[in-house]
Every structure is written in C-alpha cells, then in structure tokens.
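To start, I am sharing the structure in question, which I have written as structure tokens.
The values are calculated or read from the model by the stated rules, or taken from the named source; none is laboratory data. Not measured: the values here are computed from a predicted model. Positions of Cβ are backbone-derived with ideal geometry, glycine not excepted, and every protein chain shown enters the neighbour counts. All accessible areas refer to the heavy atoms of the entire protein, side chains included, with ligands and DNA or RNA removed. Shrake-Rupley method; radii C 1.70, N 1.55, O 1.52, S 1.80 Å.
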Amino acid sequence: YPSSGLQYFLGLDDTSAPTQVADGRAQAMQNVIVGVTADLRKRDGISVIGNILDIPGEDYCVVNGLAYTRFVGGVDRIVAVCGPRPYYFNGSTWVLISTPALTTTSQNAQWVITTALDSLVATNGSDPPSQWAGGTGSPWTTVAFTGLTNTIQSARTAAFFKNYLIFGNITEAGINYPTRLRWPSVGTITTWTDADRNDVDAQMGEELNCLGQLHGDLYLGFTNSVYRASYVGGASTFTFTRVLDNIGCTAKNSMQQMTLSDGQTGLV
C-alpha cells in the first residue's frame with residue numbers, strides 16, 4: 001500500500017493466499033485506522049499521564065497498585081502505589097499522599113484496593129493493611145484493628161461486601177491463616193471482635209488468593225477451588241459453599257466482574 005496515497009485502500013483480504021492478495025488490499029491489519037476517504041492512518045499510541053513517579057537519586061519504583069474511586073461529596077480519585085509511596089492524580093499531576101514509608105516495594109507485592117465507607121483500603125500481603133480517607137489531604141494510615149487480641153499484620157486480599165470490610169488469607173501474631181476471613185462490626189472499619197472470623201475449610205491444603213462479587217454473593221478464589229459466601233446475618237453472618245473444583249486463582253486481582261458478550265454479568 002503506497003504511503004503516497006495513490007492507491008485507494010480496498011479492505012482486508014483474509015481468505016486469499018498471501019501471494020494472491022490483490023493490490024490495494026491487506027492480508028493483515030494491526031494498529032491502523034481507515035479514514036472516510038479509504039486512507040490508512042496509524043492508530044494513536046500511548047501517552048504519559050501526569051508526572052513521572054520516580055524520584056531522582058533513587059532506583060526506579062514499580063507501580064504495583066492502581067485504583068479509581070469516588071468519595072462522598074463527589075471527589076473522584078485515581079490512586080497509584082509506586083514502590084514505597086502512594087499518590088493520587090489531581091488534574092495533571094500525581095500528588096504524594098503523606099505516609100510512613102511502606103516496607104515492601106517488590107513488583108510481586110501487588111496491592112488489592114477496595115472502597116469501604118468513604119475510605120480507600122489497600123493490602124498487599126506483606127505490609128499492614130492501609131487506608132486513605134476522604135480523598136484530599138488526609139494521610140495514608142494503617143487500619144486500626146480496635147478490639148482484636150492479635151491485630152492483622154498482613155492480608156493477601158480484601159473486599160467490601162454487604163457493608164462489611166473483609167480481609168482474607170491473613171497473618172496474626174506471626175502465624176499465617178491461608179483460608180481465614182476476618183471482618184469488623186457492620187458499618188465500620190475500625191471496630192473488631194475476635195469472634196468475627198471464619199477459617200473456610202482450613203484443612204483443604206489451599207490458600208485464598210482473590211475475592212469477587214456477583215449477584216449479591218461473594219466468591220472466594222482459592223488455589224484450586226472456588227467457594228461462595230452468602231450473607232445470612234445473625235451469629236454466623238456468612239455461610240460458605242464450595243461451588244467449583246479444579247478452577248481457582250493464583251493472583252490477587254485475577255477475579256474480576258465483567259459484562260459478557262451475551263449481555264450477562266459474570267466473574268472471569
């Protein structure tokens with residue numbers, strides 16, 4: 001196809017043999033846009049959003065957390081965690097959120113970020129779970145586990161479900177509980193009791209890696225199985241049912257809700 005535009009573009013031919021494609025036709029197309037006059041233009045590429053998050057004199061940081069949320073009052077924020085520092089996007093600039101330096105900066109320590117009661121709650125399986133309230137000048141702080149004998153030192157995944165903030169695959173007092181879920185009192189993220197927890201099939205030999213919500217239920221992605229958590233209230237709060245075998249999750253954010261090609265909503 002001549003770049004001078006002397007030959008009109010006649011379309012894609014993906015049925016003929018490569019040696020028999022007629023002049024003006026393409027055997028394959030990637031990264032191009034067809035104009036109204038049958039011209040071809042290269043598809044636009046990518047652009048940098050805001051300022052670079054690296055700090056001069058330091059090794060390059062790794063972006064291992066990215067989330068969007070809308071706080072009460074209509075404040076929209078994109079939040080990124082790059083190495084030991086969280087930022088929020090404000091107009092055209094990334095603004096540093098004040099915080100004690102996070103200790104885990106590995107590219108494998110991806111953050112799971114959820115919105116709970118006008119706070120952004122984040123956990124990466126290594127650092128203590130964190131929160132950022134309001135979306136403005138408040139600091140990035142550690143979640144307060146008031147009421148727990150042993151506070152949650154780390155959690156691999158988190159979700160906000162039925163007005164409960166839920167942490168999964170947690171470490172308490174130096175001991176990892178790979179199938180444990182723990183949640184605070186309803187409607188709060190700071191008041192906890194030792195009794196509000198569940199070790200889901202603790203002898204299964206798997207670990208909880210991700211959480212996803214669908215049609216009023218919470219789905220738990222273990223290494224090689226999927227469970228459904230349903231809200232029942234009362235002393236039990238939730239019931240747990242195994243729904244899939246030989247399918248599971250190995251990555252923290254690998255279970256996502258999507259609209260499928262037939263218009264239905266599903267978990268992928």
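Checking Gly91 against (1) buried (at least 17 other Cβ atoms within 10 Å of the Cβ); (2) free of Cβ contacts under 8 Å to residues at least 12 places away in the same chain, which single condition isn't satisfied?
(1)
Somewhere in segment 164-177, is a residue surrounded by fewer than 19 Cβ atoms within 10 Å (Cβ to Cβ) and under 18 Å from the mean Cα position of the chain (by Cα)?
The answer is no, given that none of the residues of segment 164-177 is surrounded by fewer than 19 Cβ atoms within 10 Å (Cβ to Cβ) and under 18 Å from the mean Cα position of the chain (by Cα).
Go through Thr157, Thr149 for me and flag whichever is open to solvent by 40 Å² or more (accessible area, probe 1.4 Å), at pLDDT 90 or above and in contact with a strand residue (DSSP E or B) (Cβ under 9 Å, 6 or more places away or on another chain). Steps first, answer last, please.
On the way: Thr157 fails: open to solvent by 40 Å² or more (accessible area, probe 1.4 Å).
Unique residue meeting the criteria: Thr149.
Looking only at segment 227-239, which residues are part of a strand (DSSP E or B) and either open to solvent by 10 Å² or more (accessible area, probe 1.4 Å) or farther than 14 Å from Thr157 by Cβ (or both)? Spell out the reasoning first.
Looking only at segment 227-239, we keep the residues that are part of a strand (DSSP E or B), and these are 227-233, 237-239.
Passing the criteria: Tyr227, Arg228, Ser230, Tyr231, Val232, Gly233, Thr237, Phe238, Thr239.
In segment 13-56, what count of residues is obtained for those that are open to solvent by 90 Å² or more (accessible area, probe 1.4 Å) and under 30 Å from Val95 (Cα atoms)?
Of the residues in segment 13-56, 7 are open to solvent by 90 Å² or more (accessible area, probe 1.4 Å) and under 30 Å from Val95 (Cα atoms).
What's the total number of residues in segment 245-268 that are assigned to a loop (DSSP other than H, G, I, E, B) and out of contact with any Cys (no Cβ under 8 Å at 6 or more places or on another chain)? Write out each step before concluding.
If we filter segment 245-268 for residues that are assigned to a loop (DSSP other than H, G, I, E, B), which is where we start, we get 246-256, 260-264, 268.
After this cut, where a residue has to be out of contact with any Cys (no Cβ under 8 Å at 6 or more places or on another chain) as well, the list is 246-248, 250, 256, 260-264, 268.
The number of residues fulfilling the criteria is 11.
Filter segment 188-222 for residues that are open to solvent by 60 Å² or more (accessible area, probe 1.4 Å) and either farther than 19 Å from Leu148 by Cβ or in a strand (DSSP E or B) (or both) and give the result. So that I can check it myself, show each step before the final result.
Of the residues in segment 188-222, the ones open to solvent by 60 Å² or more (accessible area, probe 1.4 Å) are 191, 194-195, 197, 201, 203, 205, 207, 213, 215.
The answer is Thr191, Arg197, Asp201, Gln203, Gly205, Glu207, Gln213, His215.
Taking the condition open to solvent by 60 Å² or more (accessible area, probe 1.4 Å), out of contact with any Gly (no Cβ under 6 Å at 6 or more places or on another chain) and either under 27 Å from Tyr60 (Cβ atoms) or modelled with pLDDT under 95 (or both), does Gly125 pass?
On the way: open to solvent by 60 Å² or more (accessible area, probe 1.4 Å): no; out of contact with any Gly (no Cβ under 6 Å at 6 or more places or on another chain): yes; either under 27 Å from Tyr60 (Cβ atoms) or modelled with pLDDT under 95 (or both): yes.
The answer is no for Gly125.
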